Amino acid sequence: MSQIFQDDGTVVPVTFIDSSDVIVAHKKVNEKDGYTAYVLGLGTKKNPTKAEVGKFKELGFVPQYAVEVQLDMELNIKDKVSVEIFEQIKKVNVTGTTKGKGFQGVVKRWGFKGGPRTHGQSDRMRHPGSIGMRTTPGRVFKGHKMGGRMGADTKTTKNLRVISIDKENNLLALKGAVPGNKESLVIITGNK
């Protein structure tokens, strides 16, 4: 993330997204597949399967990441996809995998208050407290908020405004934050 100063002097927090290595890896055609779409690829896979090698035979290698999208333009296999496709779009949705936090307790994971900090409570400060009821129902209900694995979920941030498009460096500047770490893979869909 960074920030951009606009002409009137206001500061806008932005996230720069690089799409310089994205290429068209495969083409779905209406005659063969029943619909038209493009498979965009990024990187090179080290140990591809025979099925993947056959699918991306025309490309010459198997991409590490492949995402199927529908675009309103005519592209060929091996064409680079630049940020120019977002020129007419004002807002976008960004889907990514959030940062993984590992196993976390209820205070960090769900925002629980914890126990009192006084009256001799030396060991109950960040604990959840009671989790069940009495003999009836005699169990803990499913979905009860407890400690557990936090983060590493697929999330979509909607309606991020496109601030600027840098065609030379293939950078897209979006207002606000997007899910995921630095250098992580995100999928951008236009809103118009």
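So here's what we get for this one:
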read-out	value
Residues located in segment 3-17, provided they are at pLDDT 90 or above and either within 24 Å of Val81 (Cβ to Cβ) or in contact with a strand residue (DSSP E or B) (Cβ under 8 Å, 6 or more places away or on another chain) (or both)	Gln3, Ile4, Phe5, Val11, Val12, Pro13, Val14, Thr15, Phe16, Ile17
Residues satisfying the stated conditions in segment 37-64, i.e. within 22 Å of Thr95 (Cβ to Cβ) and in a loop (DSSP other than H, G, I, E, B)	Gly43, Lys45, Pro63, Gln64
Within segment 65-156, strands (runs of 3 or more DSSP E) holding 1 or more residues that are loosely packed, with under 11 Cβ neighbours inside 10 Å and out of contact with any helix residue (DSSP H, G or I) (no Cβ under 8 Å at 6 or more places or on another chain)	100-104
Residue within segment 163-181 that is surrounded by 13 or more Cβ atoms within 10 Å (Cβ to Cβ), closer than 19 Å to Val11 by Cα and touching a helix residue (DSSP H, G or I) at 6+ places or on another chain (Cβ under 6 Å) present	yes
Residue list for segment 1-21, restricted to those being surrounded by 13 or more Cβ atoms within 10 Å (Cβ to Cβ) and aliphatic (A, V, I, L, M)	Ile4, Val12, Val14, Ile17
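The values are calculated or read from the model by the stated rules, or taken from the named source; none is laboratory data. Just so we're clear, the structure is a prediction, and the values are computed from it rather than from any experiment. Here Cβ is always computed from backbone atoms with ideal geometry, including for glycine, and neighbour counts include all displayed protein chains.
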